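Take a look at the structure set out below.
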Amino acid sequence: MDQMLTLTFMTAMLAAAFRFATPILLAALGEIFTERSGILNLGIEGVMLGGAFVGFYVMYVSGNMWLTFLAAIFAGLCMGGVLGFFYITLRANQVVVGILFSLMMVGLTSFLYRLLFHETMLGKQERLTQLPIPGLSQIPFLGEILFTQSPLTYLALLLAPVAHFLLYRTEFGLSVRAVGEHPRAADTLGVSVTRLRYLSVLIGCGAAAVGGVFFSLHFGQFLDEMLLGRGYIAVAIVIFGQWRPGRALLGAIIFGLVDAFALRLQALSITVPFQFLLMLPYVLTILALLISVRFRGDVGSPSGPHALMAPYER
Amino acid sequence: MSLLVARERPLTSPLVYTLIVLGGALLALLLGAVLMALWGVSPLQGYRELFMGMFGSAHSISESLLKATPLIIISLGIAIAFSASAWNIGAEGQFYMGALAATACALVFSQAPGYLLWPLTLIVAMVVGGIWAALAGYLRARYGINEIIVTVMLNYIAMYFVQYMLASPLRETQARGVGYPQTDVIPQTIWLPRLAPGLRLHVGFLLAVALVFVVYMLLRHTTLGYRLRAVGYNWRAARHAGIGVSNALIWAMGLSGALAGLAGQLEVTGVHRRLLWGISPGYGFLAIVVTLLGNRHPFGIFIAAILLAALDFGAQTMQRGTGVPVALVHTIQYLMVILVVGGGVLRTHRLTLFDPLFRRREA
Amino acid sequence: MLDITKRFPGVVANDRVSLSVRKGEIHALLGENGAGKTTLMNVLYGLYRPDAGQIAIHGRPVEISGPRAAIDLGIGMVHQHFMLVPVLSVAENVILGLHGQASLLDLAATSRRLSKLAAQTGLSVDPAAKVWQLPVGVQQRVEILKFLFRGADILILDEPTAVLTPDETARFFAVLRQLQTRGVTIVLITHKLKEVMAISDRVTVMRGGRQVTTLDTKGTTPARLAQLMVGRDVLLEVAKRPAMAERRPVLAMHDLHARNERGLMALRGVSLTVHSGEILGLAGVSGNGQEELADVLAGVRSIEAGALHLHGQARPWTHPRAVLAQGVVQVPADRLADGAVADFTIAENAVLPTHNRRPFSRRGILNWPRIREFGRRLIEEYDIRGARPDSMAGWLSGGNLQKLILARQITLDPDVLVAVQPTRGLDVGATEFVHRKLIETRDAGKAILLISTDLDEILSLSDRIAVIYEGRINGELLPPFDLDRLGLLLAGDEA
């Protein structure tokens, strides 16, 4: 137990917490927009997987991290367009389509992986490089936790206040919130429900795809089962965060902390079987949902925006 | 102005649904053909291998029905849950928990006579699977917690738990070295008899057929089924009429999980005769596809399960023959149902290019 | 508007309707429910596309492709069900959709301009308040301000007085006149003759999707308008014998407290007794706790404090099933949400509360022939048109669906029948039918609590009237009803 209390251990664990929070935070911030506009996108698990795959491939071919991000965003937008078409234009059941899409992506990415890499298992690719921020990273303790991270982590942490600003301080955010609460009211003022919902799904999928890139770049490889339900956990974080970016940030960090904790304990070969440590995030997710029952945010009801999952028809 | 818009129209005949299913299948197969071509295999050849694999011989028919058995049973359970609008995505975990419970029970009481032990393992599997699912039902009924997320989380928890059990407490006693994660063989007294010598198809398939009728009766002809459907369609009206919504949700999930657990027991006693990692190649997820393709109707599920199981088996033949990976068929299976679900809008809506809402039509 | 035709699947909502409104006038659009008034106005506001016909504004033919185009032409429409987002503030509701999506919100400036506009027009409101916190009357002001803020000079008001007390209505009309002097043209959709006479300059009467005529209000009489509107002479009174002399208290509510969805106390001490053989009308402006009281009586909302007595004994009121078993039955306000399962057949709906009793089931097994037979019986006895036991309930029109629900609930042979807004949105024929059935049920010795915001309905059916205001019973009236006192009670004055 002594090893757990050292400063080095704590710093490393907190740094890891922010690292693990990154993909979930990205996906959750995007999903907040999607759900605020009235669409429940359970397909983000699949979108993240798609992003992970595209990111892995582009990184393999080009070696350029920025190009990789752009490609992942583009892939996310494409997947968002398809999902949006089913959710919005075809008015299909969002639960069913979202789940099936996520399951389909497992098959599709695994097929494409074999197609592009001809069954050869690749060795580990270049990992997500850390980009210490000059100056700030020198701050003791904090510097290592917050300012010696990969660009993706900085991006995610920056996007939380950006999302808040977008949602509460711009006409776009106001429209999104209105469309998810009372689409007809928005429609009668000339706000296009369809356009806003498409935009929100695209934002959600773009962010989720970038979150997916984290997995393939962080682990340096692609596996069709590497997400382990992180997309669904992001949806749970949105609920826990009461559809608000700030609280989603908090939820993602708590989640990252548990993930990091489980990993560190494993490394310390403590007597708890590692399978039980691996269960922790999922148990925590259920607990988080239980806790969220006690709170209510500024959305229409405790179960989310009022028009969530309700297709709109004039 | 929008490019494409769905506008309401009177409900159309059942024929439309058939056309939607066929259309969805065709589109999915078309995409499959494109992917095959990308792989460098002629789609014609690929599909020939696939379909020959599905129904080409007594062996392939037996294997397809063997795969269909758990699919039918799990899907019937999912249909029960879906009929009450309880979204059980956790059948995979419930299946594993049922299989684990049955195996543990069989190994612990291995001295008991088969005619007692087999029913005991069956009941234990159903109870454990049922509780695993009912937990999500309870959280939804009592606290309004989204059961989709909870069942997905319970899947992972169940899978890690089974991994742990296979790694230490129930680990095969004679395992050498690292070994494959599996248990000892269960007592021969509770092995299910096979339907024909040389084939793996076992009597569990007949049980699955019987369950199709049982679930049909349950949903259509019992008060419990009536209550589940009422809650599924409109829980508020059901509540106003004195129907216990919470009870209905918990029952729906519990029955659903019990059937998944039952399927797990059959896989253990009928096919593998032990619990091993990978005993389900994703049955719990494929069953969602089966349920939706079968339009949530027990008879539809029966047909859809056999079709999809055959596709699964045919895919293996195809992979051996042409090198096209099985993953391609999985993609097609899911895509097909996404298209059918999306196409379902056509039953009540007309799709129009360039929304005519604003287009001038001279009188 | 010239020769406007609008069809929906199965119905022609507007059949070659022409309407011409002069600048600066208050024009009433009069007609029964389902006459096509709202559809016509939705066409003008760009929500529906007409199948045929033309629209011209200030003499210029225009094409109204959507609400945005209508707003740009200076048209504003206040819907019967307000188009306000409850969780947003007044200012946010006003600014919504006003600027490009990319722009920043300047709520402070909007609030200042809004306050100024409110002061000029007499529509005072706090821009920072959340809409859900406001009384309905104030929400209506927000709706109107929303369009004045956008510079609208044509205002369409759909049944604006439905949510107002008589006193508030008078004040509201004063505001409308003031707007008129500012050059605003107003189209007032209504089915109330009194209002037409009180405020409008001209009136267009619609019936069955067609325009009947347009008249100068000064040159006509309420009786003439009523005849034009309904198409025959109208019975202004429901045929009704006086209530039974012998009445026993059946259902007694003592000091009921309950919270609404947002956790605020919506019932703050309701005490009320319903007797056998009477119709007790509970009048009140919408949003004063009626919905919550109906929920409490149905057993779907829990009580914070207070007690319910049945036949003089305190009873637990925890579950709808227990409430039904005690003989307290409700016809809920929201037919499609609470009253029936749209995806069930009529026969299945007919046994919703009784499916687990004989003869409809035995030992958990349903008896389908009996269930169908029962469905058929209800269809015949309650004249549910165009329906078979196996047709889907969702296919029924509002009136026929209400008949089905009423049939089912009355057949339960209850001691107490709670009817909530029983004729909202129904046409004349169905309304008369529902009223007749309620009186028949009363004459059979049942206790009936009629909760309605429609004063005419309350006045014509009730043997006694109680008024609910802000979650309390503000007073009771006995016949002959004193309308002035009723108005005061509705507005919250202690009497």
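The values are calculated or read from the model by the stated rules, or taken from the named source; none is laboratory data. Here the structure is a predicted model, which means the values were calculated and not measured. When we count neighbours, we look across all protein chains shown, and the Cβ atoms used for this are built from the backbone with ideal geometry, even at glycine.
Data table
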| read-out | value |
| --- | --- |
| Residue that is under 30 Å from C:Glu380 (Cβ atoms) and in a loop (DSSP other than H, G, I, E, B), where the choices are C:Ala347, C:Ala342, C:Ala294 | C:Ala342 |
| Filtered residue count, segment C:65-104, keeping only those that are in contact with a strand residue (DSSP E or B) (Cβ under 6 Å, 6 or more places away or on another chain) and either at the interface with chain A (Cβ under 7 Å from one of its Cβ atoms) or surrounded by 15 or more Cβ atoms within 10 Å (Cβ to Cβ) (or both) | 9 |
| Test: A:Leu290 is buried (at least 20 other Cβ atoms within 10 Å of the Cβ), facing another protein chain (nearest Cβ under 10 Å) and of a type in the set (A, V, I, L, M, F, W, C) | no |
| Residue check, B:Glu49 of a type in the set (Asp, Glu) and buried (at least 24 other Cβ atoms within 10 Å of the Cβ) | no |
| Subset tally (residues that are among the charged types (D, E, K, R) and either within 14 Å of chain B (Cβ to nearest Cβ) or buried (at least 24 other Cβ atoms within 10 Å of the Cβ) (or both)) for segment A:228-250 | 1 |
| Which listed residue, of B:Pro187, B:Pro181, B:Pro169, is touching a residue at least 12 places away in the same chain (Cβ under 8 Å), farther than 30 Å from A:Val235 by Cα and within 13 Å of chain A (Cβ to nearest Cβ) | B:Pro181 |
| Identity of the residue in segment C:189-210, out of contact with any helix residue (DSSP H, G or I) (no Cβ under 7 Å at 6 or more places or on another chain) and in a strand (DSSP E or B), that ends up modelled with the highest pLDDT | C:Thr204 |
| Which numbered condition C:Phe374 misses (of (1) at pLDDT below 95; (2) more than 14 Å from B:Arg229 (Cβ to Cβ); (3) surrounded by 18 or more Cβ atoms within 10 Å (Cβ to Cβ)) | (1) |
| Among the residues listed as A:Gly84, A:Gly180, the single one being assigned to a helix (DSSP H, G or I), touching a helix residue (DSSP H, G or I) at 6+ places or on another chain (Cβ under 7 Å) and more than 14 Å from chain B (Cβ to nearest Cβ) | A:Gly180 |
| Number of positions in segment C:267-313 that are farther than 17 Å from C:Ala466 by Cβ, of a type in the set (A, V, I, L, M) and away from chain B (no Cβ under 14 Å) | 4 |
| Criterion: touching a Pro at 6+ places or on another chain (Cβ under 7 Å) and more than 14 Å from chain A (Cβ to nearest Cβ) - qualifying residue of B:Ala125, B:Ala102, B:Ala106, B:Ala134 | B:Ala106 |
| Any hit, segment C:55-62, residues being facing another protein chain (nearest Cβ under 8 Å) and among the hydrophobic types (A, V, I, L, M, F, W, C) | no |
| Qualifying residue in segment A:211-227 (condition: charged (D, E, K, R) and more than 13 Å from chain C (Cβ to nearest Cβ)) | yes |
| Among residues of segment B:226-237, those that are surrounded by 24 or more Cβ atoms within 10 Å (Cβ to Cβ) and either more than 7 Å from chain C (Cβ to nearest Cβ) or at positive phi (or both), counted | 2 |
| Extreme residue, farthest from A:Val106 (Cα to Cα), among residues of segment B:296-352 that are of a type in the set (Gly, Ala, Ser) and more than 10 Å from chain A (Cβ to nearest Cβ) | B:Gly300 |
| Breaking point among (1) more than 11 Å from every other protein chain (Cβ to nearest Cβ); (2) under 19 Å from B:His221 (Cα atoms); (3) free of Cβ contacts under 8 Å to residues at least 24 places away in the same chain; (4) part of a loop (DSSP other than H, G, I, E, B), for C:Pro369 | (4) |
| Qualifying positions in segment C:333-366 - charged (D, E, K, R), farther than 22 Å from C:Leu449 by Cβ and more than 8 Å from chain B (Cβ to nearest Cβ) | C:Arg357, C:Arg358, C:Arg362, C:Arg363 |
| Residue within segment B:344-355 that is buried (at least 24 other Cβ atoms within 10 Å of the Cβ) and more than 30 Å from C:Ile64 (Cβ to Cβ) present | no |
| Pair list, Cβ under 9 Å, 6 or more apart: segment C:172-189 residue farther than 11 Å from C:Leu123 by Cβ and assigned by TED's automatic domain parsing to the domain that holds C:Glu25, other residue assigned to a loop (DSSP other than H, G, I, E, B) and of a type in the set (Lys, Arg) | C:Gly183/C:Lys23; C:Thr185/C:Arg22; C:Thr185/C:Lys23 |
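Let's see how each residue does on (1) in contact (Cβ under 8 Å) with a residue 40 or more places away in the chain; (2) surrounded by fewer than 21 Cβ atoms within 10 Å (Cβ to Cβ); (3) more than 26 Å from C:Gly208 (Cβ to Cβ); (4) assigned by TED's automatic domain parsing to the domain that holds C:Gly36:
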| site | (1), (2), (3), (4) |
| --- | --- |
| C:Asp343 | yes, yes, yes, no |
| C:Ala347 | yes, no, yes, no |
| C:Leu352 | yes, no, yes, no |
| C:Ser391 | yes, yes, no, no |
| C:Leu406 | yes, no, no, no |
| C:Ala430 | no, no, no, no |
| C:Ile439 | yes, yes, yes, no |
